[in-house]
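Written below as structure tokens is the structure these notes are about.
The values are calculated or read from the model by the stated rules, or taken from the named source; none is laboratory data. All figures in this text were calculated on a predicted structure; none of them were measured in a lab. Positions of Cβ are backbone-derived with ideal geometry, glycine not excepted, and every protein chain shown enters the neighbour counts. The accessibility values were calculated without ligands, DNA or RNA, using every heavy atom of the protein model including side chains. Shrake-Rupley method; radii C 1.70, N 1.55, O 1.52, S 1.80 Å.
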Amino acid sequence: AQRVTQPEKLLSVFKGAPVELKCNYSYSGSPELFWYVQYSRQRLQLLLRHISRESIKGFTADLNKGETSFHLKKPFAQEEDSAMYYCALRIYGNTGKLIFGQGTTLQVKP
Amino acid sequence: GAVVSQHPSWVICKSGTSVKIECRSLDFQATTMFWYRQFPKQSLMLMATSNEGSKATYEQGVEKDKFLINHASLTLSTLTVTSAHPEDSSFYICSARDWQLNEKLFFGSGTQLSVL
């Protein structure tokens with residue numbers, strides 16, 4: 001069965017500290033993974049996708065097929081990074097629907 | 001960038017009535033739209049995939065007669081919650097795929113439905 005797991009509901013760090021938001025997936029096909037972010041009172045928006053291998057707002061994520069993980073990392077957290085982060089897996093087919101993890105709230109303290 | 005407009009942003013209705021939620025892609029064509037449901041502090045649960053000009057594909061456990069989806073044009077999909085009950089109260093989010101922008105998915109701002 002396809003599944004995305006984000007084990008941490010809440011991650012609280014101090015400004016300037018490194019951040020790692022964990023994401024593990026279960027999928028028999030070739031995975032395509034994404035990280036979405038939802039800032040307070042705003043809509044969900046794409047942060048990054050593993051295919052593009054880009055870094056957005058200092059965040060990076062590497063797909064590790066051996067560990068079936070796609071952890072989100074940032075070396076130095078900023079207060080404006082405080083938000084809800086969702087890891088998502090795209091299911092291939094005609095529609096390419098997204099399956100979301102439970103989400104992790106990142107709280108960056110001053 | 002591409003914008004998805006979702007309306008209304010919140011609605012309160014009486015039990016037994018029907019509520020329609022609209023999802024529009026404002027500056028792109030969306031052959032596929034998705035409807036999600038989100039409970040407080042929980043993840044987005046995919047309800048159904050809406051394809052323009054054809055029947056929606058519902059996820060397991062989602063009642064198709066309860067949640068009617070219509071995708072009559074390339075820019076509009078609607079979700080109608082029929083005979084709403086308090087347990088249908090939730091946050092509903094739509095998203096639309098822009099095939100021209102590397103298949104990126106854009107999200108509406110969501111609709112908070114409260115059924116009294």
Here's a check for you: in the range B:78-110, which residue that is among the aliphatic types (A, V, I, L, M) and within 14 Å of chain A (Cβ to nearest Cβ) is most open to solvent (accessible area, probe 1.4 Å)? B:LEU101
From the list B:LEU44, B:LEU116, B:LEU105, which one is farther than 29 Å from A:GLN2 by Cα and more than 10 Å from the chain's Cα centre (by Cα)? B:LEU116
Return the only residue of B:LYS20, B:LYS66 being open to solvent by 60 Å² or more (accessible area, probe 1.4 Å) and of a type in the set (Lys, Arg). B:LYS20
Could you count how many residues in the range B:31-50 are facing another protein chain (nearest Cβ under 7 Å) and touching a residue at least 12 places away in the same chain (Cβ under 8 Å)? 5
Scan the range A:48-61 for residues that are under 14 Å from A:LEU21 (Cβ atoms), open to solvent by 50 Å² or more (accessible area, probe 1.4 Å) and not in a strand (DSSP E or B) and jot them down. A:LYS57
Are any residues in the range B:1-41 among the polar types (S, T, N, Q), in contact with a Leu (Cβ under 8 Å, 6 or more places away or on another chain) and under 25 Å from A:ILE99 (Cβ atoms), and if so, which ones? B:SER5, B:SER25, B:GLN29, B:THR31, B:GLN38
Looking only at the range A:17-31, which residues are among the aliphatic types (A, V, I, L, M) and either in contact with a helix residue (DSSP H, G or I) (Cβ under 7 Å, 6 or more places away or on another chain) or surrounded by 18 or more Cβ atoms within 10 Å (Cβ to Cβ) (or both)? A:VAL19, A:LEU21
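Tally up the residues in the range A:9-31 that are within 13 Å of another protein chain (Cβ to nearest Cβ) and under 12 Å from the mean Cα position of the chain (by Cα), please. First the steps, then the outcome.
At the first step, the residues of the range A:9-31 found to be within 13 Å of another protein chain (Cβ to nearest Cβ) are A:9-10, A:23.
Now restrict to residues that are under 12 Å from the mean Cα position of the chain (by Cα): A:23.
Number satisfying all stated conditions: 1.
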Does A:PHE14 count as surrounded by 16 or more Cβ atoms within 10 Å (Cβ to Cβ) and not acidic (Asp, Glu)? no
In the range A:11-32, the residues that are under 18 Å from A:GLY96 (Cβ atoms), in a strand (DSSP E or B) and aromatic (Phe, Trp, Tyr): A:TYR25
Name, by its number, the condition in (1) surrounded by 13 or more Cβ atoms within 10 Å (Cβ to Cβ); (2) over 30 Å from B:ALA48 (Cα atoms); (3) out of contact with any strand residue (DSSP E or B) (no Cβ under 7 Å at 6 or more places or on another chain) that does not hold for A:GLN102. (2)
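Please indicate, with yes or no, whether at least one residue in the range A:32-43 is surrounded by 14 or more Cβ atoms within 10 Å (Cβ to Cβ) and away from chain B (no Cβ under 14 Å).
no
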